[in-house]
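This report concerns only the one structure given below.
Computed from the coordinates by the stated procedures, all read-outs in this text should not be read as laboratory data. Quick caveat: nothing in here was measured; it's all calculated off a predicted structure. Backbone-built Cβ (ideal geometry, glycine too); neighbour counts: all protein chains shown.
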Amino acid sequence: MTEQQTYDGPTEIVQTTNLGTPTAFCSVRDIHAYYAESYIVQGVSFNIHEGEILALLGRNGAGKTSTLRAIARCDDPEVRRGEIWLDHEALHRMKAYEASQRGISLVPEDRRIIPGLSVEENLILAQIEEPIGWGIDRIYDLFPRLKERRNQEGVTLSGGEQQMLAVGRALARDVKLLLLDEPYEGLAPVIVQEIERTLRDIKTLGITTIIVEQNAVAALKLADRSVIMDTGSVVFDGSAEEVLENEQLRHDYLAI
């Protein structure tokens, strides 16, 4: 067993490696990840159940984005030990494109809208072949503003509209696990509220989501549970409500 120090309250302690297929929908087990020789993710473990939204929080440099990228099986960071399971499949044995085919969709902080392509072309390209996810019309139902700008070049959209496009593009696949890296970054408060409403709509559809966000209060109000990281390790795993109600915890690890 790997024990993690927590504040008072219910906490999940996840066993590490060689334990067979886990029962949780997504299970991160004793992940150790590096950028070259920089040891960034130091034995991170947590579970997320189907339909939950998990807020992965912590100060800058805590290892949140690296953990998210490890789950998505990106080339960086390099995962040298640990297991990642999604819906009974071993993601840690897969390349990034294989994880994507299994339903992992990462929305990176920089959004990566493709220059020279319209909004609709960005969405169509994300589907690769025959639509197996939502389809364009369903994405437009969720994001009416994208429909209004369907012929506009994606990179010319406002920041909030680009975030909508990035999320819509992720949903164009058959998504099982949506990974959001700083979805509110650089957005005006009124746009943050709009994105937040959209994420609540996604939540009602039962899409399992992990959100990394510096705007911790906004993320916690959306989330069911929270994992807090500090210097590459998990220091708290419990309900989002616990974090909102625990001033000392927020002060120590979130500076709020």
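What does the helix-only formula give at 222 nm for the chain: each DSSP H stretch with n ≥ 4 adding -39500 (n - 2.57), the total divided by the residues, and the result rounded to the nearest 500 deg cm²/dmol? Before the final figure, lay out each step's value.
Details: 10 runs with 84 residues, N = 256.
So the helix-based figure for the chain works out to -9000 deg cm²/dmol.
If we sort 247-253, 194-200, 222-228, 29-35 on the protection proxy, mean other Cβ atoms within 10 Å, highest first, what's the order? Don't skip to the end; give the middle numbers.
Details: 247-253: 14.6, 194-200: 16.4, 222-228: 23.6, 29-35: 19.6.
My ranking of the peptides, most packed first, is 222-228, 29-35, 194-200, 247-253.
Which whole-number percent of Cα pairs in segment 132-237 have a distance greater than 15 Å? Numbers along the way, then the final one.
Details: 3613 of 5565 pairs.
Cα-Cα pairs in segment 132-237 separated by more than 15 Å: 65 percent.
If you average 1/r over all unlike Cα pairs in the chain and invert the result, what Kirkwood radius do you get in angstrom? Don't jump to the answer; show the numbers that get you there.
On the way: mean 1/r = 0.0539 Å⁻¹.
Averaging 1/r across every pair of different Cα atoms and inverting gives 18.5 Å.
Antiparallel as a % of all DSSP beta bridges within the chain, to the nearest 5? Don't skip to the answer; put the middle values down first.
Working: 24 of 41 bridges.
Bridges in the chain are about 60 percent antiparallel.
Quick one: among A216, A126, A166, which has the greatest mean-square fluctuation in a GNM of the chain with alpha-carbon springs under 10 angstrom?
Residue with maximal mean-square fluctuation among A216, A126, A166: A126.
Which residue fluctuates the most in the chain, going by a Gaussian network model with Cα springs under 10 Å, if the choices are E109, E182, E98?
Of E109, E182, E98, the Gaussian network model singles out E98 as fluctuating most.
Pick from P183, P144, P108: which residue has the top mean-square fluctuation in a GNM of the chain where Cα pairs under 10 Å get a spring?
In this elastic network of the chain, the residue with the biggest mean-square fluctuation among P183, P144, P108 is P144.
For segment 43-131, with only Lys/Arg (+1) and Asp/Glu (-1) charged at the beta-carbon, what is the dipole magnitude about the Cα centre, in debye rounded to 20? Before the final figure, lay out the partial values.
Working: 11 positive and 15 negative charges, 111 e Å.
Charge dipole, segment 43-131, about its Cα centre: 540 debye, nearest 20.
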